[in-house]
Amino acid sequence: MLDITITFVAAIICIALFLNLWRLLQGPTLSDRILALDTMYINAIALILLYGISSSSALYFEAALLIAMLGFVSTAALCKYLLRGDIIE
């Protein structure tokens, strides 16, 4: 039962990733594109966590944490660049 659920949720998250990719490429404004990229990070983390659950390995949870930290820093840097025009003051 857990395998069927993980497969179903992974398929739904893959659909969400493709919709976010469409918004990233098609987005009318730069802020929409940044938001789509941030949401893609979250969906990638969810996929990695699902794979970690299905394979019963703790290594994937550490990889998801690393991607979450990089996603947060890159989103903050892109937003700061969007607002001020430079990242380092």
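Any read-out appearing in this document is the output of simple, stated calculations on the displayed coordinates, not a laboratory observation. It should be emphasised that the depicted structure is a prediction, and the values quoted were computed from it without experimental measurement. Note: ideal-geometry Cβ built from the backbone for every residue, glycine included; neighbour counts use all protein chains shown.
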Check your understanding: Dividing the convex hull volume of the alpha carbon atoms of the chain by its residue count, what do you get in Å³ per residue?
Key -> 74 Å³
Check your understanding: Which net charge results for the neighbourhood of residue 39, defined as the other residues with beta-carbon distances under 14 angstrom from its beta-carbon, given Lys and Arg at +1 and Asp and Glu at -1?
Key -> 0
Review point. Can you give the charge dipole size of the chain about its Cα centre, rounded to the nearest 20 debye, using +1 on the beta carbon of Lys and Arg and -1 on the beta carbon of Asp and Glu?
Key: 180 debye
